[in-house]
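Structure record follows, encoded as structure tokens.
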Amino acid sequence: MTGRVGESPRRADGPGKVRGDFTYSSDLTIEGMLWGATVRSPHPYARIVAIDTAEARAMPGVVAVLTHEDVPGQQLYGLEIQDQPVLAFDLVRYWGEAVALVAADHPERARRAAQTVRVTYEVLEPLTDPEVALTEAAPRLHPAGNVTRHVRIRHGDQSARADVVVSGEYEIGMQDQAPLGPESGLAIPGAAGSVDLHLATQWLHVDRDQLAGILALEPEKVKLTLAGVGGAFGAREDLSMQAHACMLALRTGRPVKMSYSRPESFVGHVHRHPGKLRYEHGATRDGRLVYVKARVVLDGGAYASSSTAVIANACCFALGPYECPNATVDGWVVYTNNPPCGAMRGFGSVQNCYAHEAQMDKLAAALEMDPVELRMRNAMKTGSRLITGQVVEGPAPVAELLDRVKSFPLPVQGRGSGRGANTELDLTQMPGGVSNTTHGEGVVRGVGYAVGFKNVGYSEGFDDYSTARVRLSVVDGRPRAEVHTAAAEVGQGLVTVQAQIAATELGVSDVVVLDADTQVGSAGSSSASRQTYITGGAVKAACEAVRERVLALARSELGRKEVRLEGDAAVSAEGTVIATLATLLGDAVIEETREFRPRRTHRLDSETGQANAHLQYAFAAHRAVVDVDTELGLVKVVELATAQDVGKAINPQAVEGQLEGGAAQGLGLAVMEEIQVKDGVIRNASFTDYLLPTILDMPPVRMDILELGDPISPYGLKGVGEPPTISSGPAIVAAIRAATGRPINRVPVRPQDLVDT
Amino acid sequence: MRIACTVNGRPRVAEDVWEGASLLAVLREHLGLPGSKNACEQGECGSCSVYLDGRLVCACLVLGGQAQGREVVTVEGLASKDELHPVQEAFLEAGAVQCGFCTPGFVVAAHDLLTRKPQPTDVEIREALAGNICRCTGYAKIIDAVHLAAERMAPR
Amino acid sequence: MKAAHPDALPIAGGTDVMVEINFDRHRPAAFLDLTRVAELSEWSPDDGMLRIGAGVTYTRLIDELGDRIPGLAMASRTVGSPQIRNRGTVGGNLGSASPAGDAHPALLASRAIVELASVGGTRRVPVHEFFVGPKRNAMRKDELIAAFLVEPAQGPQQFSKVGTRNAMVIAVCSLALAIEPERRRIGTGIGSAAPTPVTAPEAEIFIQGVLDEHRLWEKRTPVAESALERFGELVAAAARPIDDVRGTAAYRRYALSVMARRSFAWAWNEYRGAA
């Protein structure tokens, strides 16, 4: 029984997930399959002198060993710029880059064989400082130079001055998406040189198209089916094991399974761009923003991935959701020999949010003004103009969101009776918890606020569309709607939303969402908070087309014009059943496929950065309450509160899940998550030292969810997934500043940053 | 090597097991029980949580041979033939399942908690589930699910 | 059996060994499953001490011995997660001899003894002499850790662990304290701040001197702030930390001085309150 738009029905994939029989890509298995393993570079920068696979090929159980010489088609691939080798040739440019592949009949034998592949390297000095990479003297890591993209925004008066000026430099560490499901899939060779790949990914068609080029196959010969996905958050936008597994399968003529270990996963996908952001804000004495200047340098690592889009975001949203007549922004994303960076939830808007919110607090202090008041005074609203010149259409309730988070009552002050006394002590309320580092000594509470925004959907003219096929027929005497899209369910609940839309538009209770595969047109990626809007829009459009035909049938069969579809029936305007849908349809199968394309966007002008580059904006505000042990520098996040406008909550429970989960990822970057890279080498490629928040670290999240209705989107909905990850971390850092009185210009905040050692 | 143990109440035998294989690998690759997950294989995420002789453990940290002759219960052993276990139902109802990769581990750990503490407080829930990582939910609805399950499992 | 298979890798809870196996860092010729050796999971009084089998898990230590060895129980509570505590053992901690092992500081503070067994017999090594280098201990190739011996707490005990997350975290640094009123002795143990777990003998001597000089054992009045600070400095000075992914050397020393001050005050207050 499928729920309708606005309800919170159970996930159709839920029972399998709780029982343990839902098949993730890492669970796939087939008789006779081989296991693939990858040989990876131990150097961040080196020339490949020779690759000797003889010993590996001779090992028991080994069926194939492949290098770049075995790539059938295109050697290079990439989402925006085709700069990344399928298997390294000539040079390796990052620690962990894939160099060779092994297929064997047991995973242990594949691993052993991979270790015997002898690659002779001429080790080169890695380029690891993005500032150095920007200079003319730096070695060129790619033929076109080290600047992947330079974005310029010149808005308003470039020589504007102001009475009050604050500036700062902010550093953001490298975060990892760390989805729990490993990179994995099963490639099955088919007839006539075709291949069938079952995998976890965020975009089936872009994977398929890249694979077709790499494997030198017609797209129709590369069939992709989405298996269960264990989270994504941007980690699955680029190819990882896809081409490798397919190459091994096509070479051996046998199915090949690949599944990365966690340490391998850390080098198997891109990370969030670390960066340095230098800002200057100028304001009037009564707190109105006059100008913002920002210099943003993001470290893109060895290959481009989606860096060109990330830097655009970081620049377009550099100011934050505020009004400001004048802006000068320069942003660079550069190549280095550090790990490649690309999409992660928030996509450039996380980094700049730390900077602009720190600046707003600095400005408030300089003006002796309440930080929330300053933000409200400059808050964006409907009709405001971004620094890209685009006018915000639809609701932009920035001041309202701030007001709402401020209005939540503050949590009760923590227990703990101060130095020495052990009575009534609840360690779990303390920073450090049961590790027993404080009984209240040194603990100071701080409160901080932040607000952020970003675009929903693709930007700058990237063709944003999705496709849906909807089929209505009678099965076992009941009408059933089948929905078929290629949209990747990555955990967010997209399969449920698709079903809810079909149930609403067709008035049927039995809706089945088929497995996503490349047998239907592209749905675009599960990213940019876009799927409910764009694929939801496609499902709605296809349903409307189906409905039109059903209504036409009602007119011709029943001679009735004023008919609606409701409750598995054709009903009158008042709701009386005229005929059941089963009777009306009989044996008829009504199927329609529609593409949904929202309004076009436009590329940023290369000189001024002005354009209507975005489809929709989504806003969220956060308040954080922290207790800081100011002597040890340990932080406990006591509470997070958020307010977000979601336009229309298609599935309220799933919306809450996005707000809670996104805030946890924001907390992670603020206080504990960092891929630590030294000389291009990742020092903490495991969950032992890449710390994700546990249930003891994540506080309750109070939520105020607004549904203000976007004027043009399906159901008035707004994308939901990213804003929770954008302003949550900056609010936490603001709270830590309030508790400690320290400036804190870097995340993640470490204990040594909060004390004087 | 050959490993014979009881899994979910039934005697099971795994043949041709590599000596260094963990219990997790034995369950997933030899016994057709992929419900326990391999998110980290180093005991840092709890996605492989199972019962070994009645104790909650990470299957990735148990050497396959150590399970010889012992009793293992996995997530696949919690539901009855026709019905989900109340813990599983509660996870679904409370919206505690997103990508679901952590879910089997959480379900087993929550089941273990409720067996020992039928009406746990928030703090007790957090401490008991501190060994299970979720990347999607932020844990809020997982805590709701455990309370809901406790309510449902309370004797009338 | 260990004598017959000297290269067999002993495995009990597997919480350390299996990580090495799963990540390809180790491929022993054979394993020795210690969970089958029943005596290793037993504990009993032994001539005024508690003799605790190397296979007793952290969960059991907390549940069955928490009142008698509170310092070690506090440390056990900070280990990993419930899943890890149900399998992890002090024996395993000692076997790995990591400077970050959570049990080590409490064992040092309580002056525990490690009992090693081989076909040749058993020998007992004070835990102070057991750690010989980073992840190296005093065991011979043919020996197994049979048990450790520790006195039931002679007075208040404390344990603190600094970590950047509230569960499943390797200590940035840790500190154990034991107050022994009858012997008028203070025991210390420092973790994750030196190549091996270490004690702070100068700090112990100093604070013992303060307590004696001002007759605080009898008077049971608070210890002066200045003395606590000096105690903290001396504890920090006993550490030889490094910079690594978890923290800096400077922070570790600093944090130890803070924790030494605080935990001594807590332990001393407990002693005062017990009057």
| Any hit, the stretch A:204-219, residues being over 21 Å from residue A:260 (Cβ atoms), assigned to a loop (DSSP other than H, G, I, E, B) and touching a residue at least 60 places away in the same chain (Cβ under 8 Å) | yes
| task | Give A:18, A:92, A:49, A:39 a once-over and let me know the one that is within 14 Å of another protein chain (Cβ to nearest Cβ) and more than 20 Å from residue A:184 (Cα to Cα). | result | A:18
| Count of residues meeting criterion [among the charged types (D, E, K, R) and farther than 22 Å from residue C:1 by Cα] in the stretch C:116-135 | 2
| request: Please go through the stretch A:131-148 and pick out each residue that is farther than 9 Å from residue A:335 by Cβ, not hydrophobic (A, V, I, L, M, F, W, C) and not in a loop (DSSP other than H, G, I, E, B). | output: A:131
| query | Being in the same structural domain as residue A:412 (by TED's automatic domain parsing), in contact (Cβ under 8 Å) with a residue 60 or more places away in the chain, buried (at least 21 other Cβ atoms within 10 Å of the Cβ) and hydroxyl-bearing (Ser, Thr, Tyr), is that true of even one residue in the stretch A:685-692? | reply | yes
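Give the residues of the stretch C:87-108 that are more than 21 Å from residue C:244 (Cβ to Cβ) and not in a loop (DSSP other than H, G, I, E, B), sorted by residue number.
If we filter the stretch C:87-108 for residues that are more than 21 Å from residue C:244 (Cβ to Cβ), which is where we start, we get C:87-92, C:94-95, C:106-108.
Selection gives C:89, C:90, C:91, C:92, C:94, C:95, C:106, C:107, C:108.
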| remark: Within the stretch A:564-612, the count of residues that are of a type in the set (A, V, I, L, M) and loosely packed, with under 15 Cβ neighbours inside 10 Å comes to 4
| remark: The condition from (1) surrounded by fewer than 19 Cβ atoms within 10 Å (Cβ to Cβ); (2) part of a strand (DSSP E or B) that residue A:286 misses is numbered (2)
| request: Report, by residue number, each residue of the stretch A:619-670 that is among the charged types (D, E, K, R), crowded, with 24+ Cβ neighbours inside 10 Å and either touching a Phe, Trp or Tyr at 6+ places or on another chain (Cβ under 8 Å) or away from chain B (no Cβ under 14 Å) (or both). | output: A:623, A:627, A:629, A:645, A:660
| query | Within the stretch A:582-598, can you find the residues that are part of a loop (DSSP other than H, G, I, E, B) and either of a type in the set (Ser, Thr, Tyr) or more than 19 Å from residue A:553 (Cα to Cα) (or both)? | reply | A:597, A:598
| task | For residues that are within 11 Å of chain A (Cβ to nearest Cβ), closer than 18 Å to residue B:146 by Cα and of a type in the set (A, V, I, L, M, F, W, C), tally how many sit in the stretch B:47-95. | result | 10
| query | Of all the strands (runs of 3 or more DSSP E) wholly in the stretch B:28-75, which have at least 2 residues that are crowded, with 24+ Cβ neighbours inside 10 Å and either outside the structural domain of residue B:105 (by TED's automatic domain parsing) or among the basic types (Lys, Arg) (or both)? | reply | B:49-52, B:55-58
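Scan the stretch A:163-183 and tell me whether some residue there is away from chain B (no Cβ under 14 Å), among the hydroxyl-bearing types (Ser, Thr, Tyr), farther than 24 Å from residue A:239 by Cβ and free of Cβ contacts under 8 Å to residues at least 24 places away in the same chain.
no
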| message | Looking at the stretch B:76-103 only, could you name the residues that are under 30 Å from residue C:11 (Cα atoms) and either assigned to a helix (DSSP H, G or I) or touching a Lys or Arg at 6+ places or on another chain (Cβ under 6 Å) (or both)? | response | B:76, B:77, B:101, B:103
| request: From A:234, A:253, A:230, grab the single residue that is more than 26 Å from residue A:465 (Cβ to Cβ) and within 14 Å of another protein chain (Cβ to nearest Cβ). | output: A:230
| query | Of all residues in the stretch A:126-144, which are loosely packed, with under 15 Cβ neighbours inside 10 Å and free of Cβ contacts under 8 Å to residues at least 60 places away in the same chain? | reply | A:132, A:135, A:136, A:137, A:139, A:140, A:143, A:144
| field | Test for residue A:642: is it of a type in the set (Ser, Thr, Tyr), farther than 30 Å from residue A:264 by Cα and under 24 Å from the mean Cα position of the chain (by Cα) | value | yes
| said: Give all pairs with beta carbons closer than 6 Å in which a residue from the stretch A:35-49 that is assigned by TED's automatic domain parsing to the domain that holds residue A:107 and among the charged types (D, E, K, R) meets a residue that is surrounded by fewer than 19 Cβ atoms within 10 Å (Cβ to Cβ) and assigned to a strand (DSSP E or B); count only pairs at least 6 apart in sequence or on separate chains. | reply: A:47/A:122
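Which one of A:13, A:105 is within 14 Å of chain B (Cβ to nearest Cβ), surrounded by fewer than 18 Cβ atoms within 10 Å (Cβ to Cβ) and either more than 29 Å from residue A:488 (Cβ to Cβ) or under 32 Å from the mean Cα position of the chain (by Cα) (or both)?
A:105
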| message | Against the condition under 25 Å from residue A:153 (Cβ atoms) and more than 14 Å from chain C (Cβ to nearest Cβ), how does residue A:452 come out, does it pass? | response | yes
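Quick one: which of C:194, C:250, C:255, C:203 is among the small types (Gly, Ala, Ser), away from chain B (no Cβ under 14 Å) and over 26 Å from residue A:686 (Cα atoms)?
Matching residue, one of C:194, C:250, C:255, C:203: C:203.
Within the bounds of the stretch B:117-133, is there any residue that is more than 21 Å from residue A:692 (Cβ to Cβ) and either crowded, with 17+ Cβ neighbours inside 10 Å or of a type in the set (Phe, Trp, Tyr) (or both)? Step through it out loud before you land on a result.
Restricting attention to the stretch B:117-133, the residues satisfying the condition of being more than 21 Å from residue A:692 (Cβ to Cβ) are B:117-121, B:124.
Now drop any that are not either crowded, with 17+ Cβ neighbours inside 10 Å or of a type in the set (Phe, Trp, Tyr) (or both), which leaves B:120.
Yes, that holds for at least one residue.
The values are calculated or read from the model by the stated rules, or taken from the named source; none is laboratory data. The structure displayed is predicted, hence computed values, not measured ones. When we count neighbours, we look across all protein chains shown, and the Cβ atoms used for this are built from the backbone with ideal geometry, even at glycine.
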